[in-house]
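What follows is one structure encoded as structure tokens, with my remarks underneath.
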Amino acid sequence: MNDEGKTPALQPLTGAARCATVALALAGVAWAARGVWQIRLAVAGQPLSGPPDQGGGQHRPLTALEDAYHLVSTAGDVTTVLCAVAFLAWLSRARDNARLLSGGRLRYSTPWVYLGWIVPVANLWVPHGVVADVHRAGAPDARLPRVVTMWWVLWLVGLLSGVGLMYADTTDEVIARAYTGVAPLLVADAAVVGAAVACALMVRALTGAQEKRAAS
């Protein structure tokens, strides 16, 4: 059968949006737990034997609290990966639908949905631009929701803080930071949790706008 002239169908977005929202909630809880454990480490104080990493490749046995933080930190890493997969699945569908709804080219091509997060310097604005493309296609006459800007600002704080999303240190070194100066860690954790909440609200808002326009 010849399908020429048939209008391409929009991809269903509700299921992907729900998966992304659940994953974001899990990631937010995991990062909040990380912050709680960092506070517990700061309150407990560093053992007399010093930090876990003794230098020169030597590590002392971990305390029960430090062991628990390793588990909490691993849970945060795992949920972050799951969150990234679920969010990108939603964003890819939303971006494809946006191209159909707009009837023309978007500012960022499909590869930028993924490359925008990992290409240095470009990752400071491209993902926000991709989301803005999705919004304009779904609600061309509406201003960009504030929650999108909130999400991106919080994400950048967590990303660029050096102690948030992109820990440059090992878990044992982060534990040592919690003992000596926990405040920067907590600021970064709070930014990541806030970004997760704002992102969930953003996913819901953009999905609703896109589905409303598709129905009309």
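Couple of notes before you dig in:
- Looking at the chain, the pairs of alpha carbons with a distance over 28 Å make up 38% of the total.
- Cβ crowding within 10 Å averaged over residues, with 205-213, 62-70 ranked highest first: 205-213, 62-70
- Theoretical ellipticity at 222 nm over the chain - DSSP helices of four or more residues, -39500 (n - 2.57) apiece, nearest 500: -23000 deg cm²/dmol
- Average accessible surface for the chain: 54 Å² per residue, computed with a 1.4 Å probe over protein heavy atoms with every protein chain in place.
- Put simply, when 108-114, 183-189, 196-202 are sorted by average Cβ atoms within 10 angstrom per residue, most first, you get 196-202, 183-189, 108-114.
- Here Ser216 and Ala183 are evaluated by their C-beta separation; at R0 = 41 Å the FRET efficiency comes out at 0.25.
- With each label modelled as a point 7 angstrom along the Cα→C-beta vector, the Val81-Thr14 pair spans 3.2 nm.
- Cα shape, segment 85-181, gyration tensor, a/c 1.5 rule: prolate
- On segment 28-160, 66 percent of the accessible area sits on carbon and sulfur atoms, based on a 1.4 Å probe.
- Per-residue accessible area (protein heavy atoms, 1.4 Å probe) orders Ile175, Ile118 as Ile118, Ile175, starting from the largest.
The values are calculated or read from the model by the stated rules, or taken from the named source; none is laboratory data. Just so it is clear, the structure is predicted and the values come from calculations on it, not from any experiment. Positions of Cβ are generated from backbone atoms using ideal geometry, with glycine treated the same way; all protein chains shown enter the neighbour counts. All accessible areas refer to the heavy atoms of the entire protein, side chains included, with ligands and DNA or RNA removed. Shrake-Rupley method; radii C 1.70, N 1.55, O 1.52, S 1.80 Å.
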